[in-house]
Structures are given as C-alpha cells and as structure tokens.
Amino acid sequence: MATQHAVILGALGVTGRNLLHWLEANTDWRITGVARRKPNFETRAQFVQVDLLDRDATFEALAHLKDVTHVFFCGFVPMPSWPEHDAPNLAILANGVEAIEKASPALEHVHLIEGTKIYGSHLGRFRTPAKEDDPPHMLPNFYYTQEQWLRRHRQGKDWSWSALRPQTVCGFSLGSPMNLINAIAVYAAISKEMGLPLRYPGSEAAYRAIYQVTDADLLSKCMHWCATAEGARDDVFNITNTDFFRWENVWPRFAKAFDMELGQVQHISLAQFMPDKAGLWQDIQKKYGLEPYSFEDLVSWPFADYCFTRDYDVMTDTLKIRRAGFHDCVDTEQMFIDLFDTLRAKRVIP
Ligand SMILES: NC(=O)c1ccc[n+]([C@@H]2O[C@H](COP(=O)([O-])OP(=O)(O)OC[C@H]3O[C@@H](n4cnc5c(N)ncnc54)[C@H](OP(=O)(O)O)[C@@H]3O)[C@@H](O)[C@H]2O)c1
C-alpha cells in the first residue's frame with residue numbers, strides 16, 4: 001500500500017494531466033485529481049469534481065482526503081487582461097491548499113507551477129537568460145502573488161513548498177488555453193488538407209529569435225523531484241528542456257515530419273483565420289477516422305499567435321536547478337517530432 005498520496009489541483013490541463021500520467025507510470029503513489037470536468041481517459045487516479053473558486057464547496061469536496069502527503073498545484077483561470085489574473089488564480093491556490101491542510105495532517109509538501117512570464121516574457125524584451133532572483137515585472141503578476149502567498153502561508157508549518165517556472169509546456173491536453181503542440185499539429189494538418197505548404201504563421205523576427213520550451217514529461221519528473229528532494233525545499237527554479245532553438249531551424253523539420261512542402265514565413269493571426277476551419281476539421285476527422293475532439297477543445301489559437309510573435313529572445317537560465325541536483329534534459333527538436341507521433345498514435349491528427 002502506497003504511503004504517499006498526491007493531490008493534483010487542476011489535473012486535466014497540460015501540466016496536471018501529464019503529471020498524473022507520469023505519477024501513474026513511475027510511482028506507486030495514490031493519486032487524486034481535482035478539476036471541474038471528469039477525465040475522459042482511463043486512470044487509476046480518484047477524481048474530485050469541484051470548482052476551486054468556490055471556497056465552501058472546495059472545503060466540503062476535499063474533506064475526505066485525510067492522508068494527502070503532496071499537493072501539486074496545476075490550476076489556471078484565464079482572464080481577459082493580465083492584472084485580472086491575480087484574484088482568481090490566488091483564490092484557487094489558497095482554497096485548494098487550505099482545504100487539504102485542514103483535511104490532512106500528513107501534508108508534507110506543496111508544489112506550485114509558475115512560468116517565465118514572471119520575468120515579463122509576455123511584455124517584450126526582458127533580461128536574458130532570466131535568473132530566478134531577477135525582479136518580477138511591474139506587478140501585478142499572478143505567479144508572484146501565488147508564490148508570496150505560499151511563502152507566507154508555509155511559515156510555522158511542518159510542510160515545505162517548491163515552485164517551478166517552465167517556458168511553454170509541450171504535451172497533449174484538451175480544453176487548455178495554452179497548448180502549443182496541439183496548435184502546431186492541427187494548423188499543419190489543416191494546411192496540408194488545403195494543399196498549402198507549411199508556412200510559419202508568426203512574425204519574421206520571432207522566426208529568427210531564440211525560444212525555449214519545456215516537455216511536459218520532463219516537467220512532471222522535475223515536479224516529482226522538487227516534491228521529494230532536500231535540495232528543492234522552499235525554493236523556486238526555472239525549468240526548460242535546457243537547450244534553445246529558433247523556429248527557422250525547426251520548422252523545416254516539422255514540414256518533413258508532416259510530409260509537406262516548406263513555405264515561407266507569412267504572418268497571419270491564427271485567431272482570426274482558423275475559427276472558420278472548424279467544419280473542415282470535422283471533415284478531416286471523419287476522413288481519417290480521428291477522435292472527435294472538438295476544435296475548440298483541441299486548440300486555443302490566441303496562444304499560438306502569442307508564441308509565434310515573440311520578436312525577441314525568450315531564454316531562462318537553468319543552472320540553479322542543475323546545481324540543486326536535477327540534471328535531466330530533453331532534445332527539443334526530437335521532442336517536437338515525438339509529440340507529433342504521439343498525437344498521430346492517439347488519433348488526434350492524421
Ligand atoms: N501551458 C503552458 O505552456 C504553460 C507554460 C508556463 C507556465 N504555465 C502555467 O502552468 C499553470 C498550469 O497551466 P496549464 O497550461 O496546465 O493550464 P490548463 O491546461 O488550463 O489546466 C488548468 C487546470 O485547472 C483546472 N481548473 C481551471 N479552473 C478551475 C476551477 N475553477 N476549479 C477547479 N479546477 C479548475 C482545469 O480543469 P477544469 O477546466 O476541468 O476545471 C485544468 O485541469 C498555470 O499557472 C500556467 O500559467 C503553463
């Protein structure tokens with residue numbers, strides 16, 4: 001019987017769902033997933049469906065979890081403007097953690113997922129490679145708000161905390177406002193069906209700038225390491241695949257992987273140009289016998305536009321986590337190709 005019991009708050013998103021699969025495959029831990037939806041996949045994890053924004057409902061729904069040792073916070077509430085993210089994203093963290101704390105005297109660790117936007121990577125050029133002790137951008141920043149809350153809230157408690165700052169997490173999920181892999185794969189499949197070459201739809205400058213991503217499996221392994229290693233206690237780390245790339249160098253490989261001709265850069269807003277392809281996507285799904293996931297659940301086009309228009313280098317420094325003892329890394333070019341293969345195997349794309 002496993003002695004560890006992990007609760008994943010936000011267990012169906014790109015970080016939470018992949019962490020759930022990783023813990024299932026690599027540990028004997030008991031796992032409880034928390035989200036508003038039910039999982040649409042086979043899992044040995046228990047699931048609790050609750051709206052974490054509703055404090056009373058959260059305390060009631062999680063009250064039976066009396067032996068939780070580890071909390072992984074992977075929740076996210078998207079909001080129309082950046083400052084508006086603060087309140088709901090702090091609320092879902094505080095409600096979830098406090099409810100578990102009340103229910104489970106066994107709590108050992110709370111892990112928080114932050115992101116590179118704490119350095120202002122979404123605002124424009126920022127100091128690169130960003131280091132963990134760089135100051136945040138002009139507040140508010142919801143990662144900063146969450147981390148400060150966690151630091152304060154942990155004081156005088158027996159449990160420890162840790163946090164990771166990944167850059168663009170790559171893995172399969174449904175209904176995520178930020179899932180780049182799904183966006184690239186669906187965009188390529190639609191372009192191919194329309195007889196178009198694979199064109200980079202972002203800006204020329206972004207095509208040539210340096211970018212980094214974080215493989216969801218690597219991130220999951222790293223979250224588990226943070227939750228269990230002495231060297232990670234009460235600290236925060238950047239995490240990426242460790243290497244860097246430019247879209248101009250990986251895009252030709254994508255064209256090969258999709259068996260398409262490589263086109264030139266042609267900047268379009270995917271958020272404007274793709275919604276009317278929902279019908280075509282249904283035809284593609286029928287033609288190739290794909291899973292009937294809805295177009296909207298698979299891709300959020302504004303996030304793809306966002307990733308493809310960073311006209312400046314996006315780089316974080318990962319020395320700190322390596323010095324602390326986590327040394328895994330991933331070859332990003334190969335990761336993309338492997339993830340496209342995974343999407344094919346899952347019958348998400350042709
Ligand atoms: N995706 C990336 O590329 C990326 C990169 C860097 C950092 N991050 C950060 O990583 C964190 C997790 O992001 P993500 O991309 O994994 O998010 P995501 O794919 O949107 O997943 C969010 C999870 O939270 C759940 N959730 C949302 N609102 C909820 C509520 N009110 N009550 C209960 N559950 C709720 C969602 O499930 P339901 O909808 O079923 O409730 C889902 O399981 C965020 O802080 C994000 O900023 C993400």
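Values in this text are rule-based calculations from the coordinates and carry no lab data. Predicted model only: the values in this text are computed from it and were never measured. Positions of Cβ are generated from backbone atoms using ideal geometry, with glycine treated the same way; all protein chains shown enter the neighbour counts.
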> How large is the Kirkwood hydrodynamic radius of the chain, in angstrom, based on all distinct alpha carbon pairs?
Replying inline: 20.8 Å
> Are there trypsin sites (Lys or Arg not before Pro) in region 97-136 that DSSP marks as loop and that have at most 13 other Cβ atoms within 10 Å, and which are they?
Replying inline: Arg125, Arg127
> Fewest first, what order do Val7, Val77, Val50 take by the number of other Cβ atoms within 10 Å?
Replying inline: Val77, Val50, Val7
> For the chain, modelled as a GNM with alpha-carbon contacts under 10 angstrom, which of Val330, Val236, Val34 fluctuates the most?
Replying inline: Val330
> Using all Cα-Cα distances in region 279-330, what percent lands in each 10 angstrom bin from 0 up to the longest?
Replying inline: 18, 24, 24, 23, 11, 0
> Excluding same-chain residues fewer than 8 positions from Lys131, which lysines have a Cα within less than 16 Å of its Cα?
Replying inline: Lys117, Lys320
> So how much slack lies between Asp297 and Leu53, counting 0.36 nm per residue of separation and subtracting their Cα-Cα distance, in nm?
Replying inline: 85.7 nm
>> Could you derive backbone 3J(HN,Hα) for region 70-81 from the dihedral phi with the Karplus parameters 6.51, -1.76 and 1.60 (θ = phi - 60°), listing whole Hz in sequence and x where the residue is Gly or Pro?
In response: 9, 10, 10, 9, 10, x, 7, 10, x, 9, x, 10
> Working out 0.36 nm times the residue gap between Glu60 and Lys157, then minus their Cα-Cα distance, what length gain in nm do you get to one decimal?
Replying inline: 32.7 nm
> Cα to Cα, under 29 Å, and not fewer than 8 places away if on the same chain: which lysines meet these conditions relative to Lys286?
Replying inline: Lys38, Lys192, Lys256, Lys277, Lys346
>> Need one number: nm distance between label points at Arg208 and Gln334, each 7 Å from Cα along Cα→Cβ, rounded to one decimal.
In response: 3.0 nm
> Going 7 Å from the Cα of Trp82 toward and past its Cβ, which residues in region 119-139 have a backbone nitrogen under 13 Å from where you end up?
Replying inline: 119-127, 136-139
>> I'd like the orientation of helix 86-103 relative to the chain: the angle between its Cα long axis and the longest Cα principal axis, in ° from 0 to 90, rounded to 10.
In response: 40 degrees
> Put a dot 7 Å past each Cα toward the Cβ at Phe273 and Arg37; how far apart are the dots in nm?
Replying inline: 2.7 nm
>> Can you show me the helix-derived [θ] at 222 nm for the chain, built from DSSP H runs with n ≥ 4 at -39,500 (n - 2.57) apiece and divided by the number of residues, rounded to the nearest 500.
In response: -12000 deg cm²/dmol
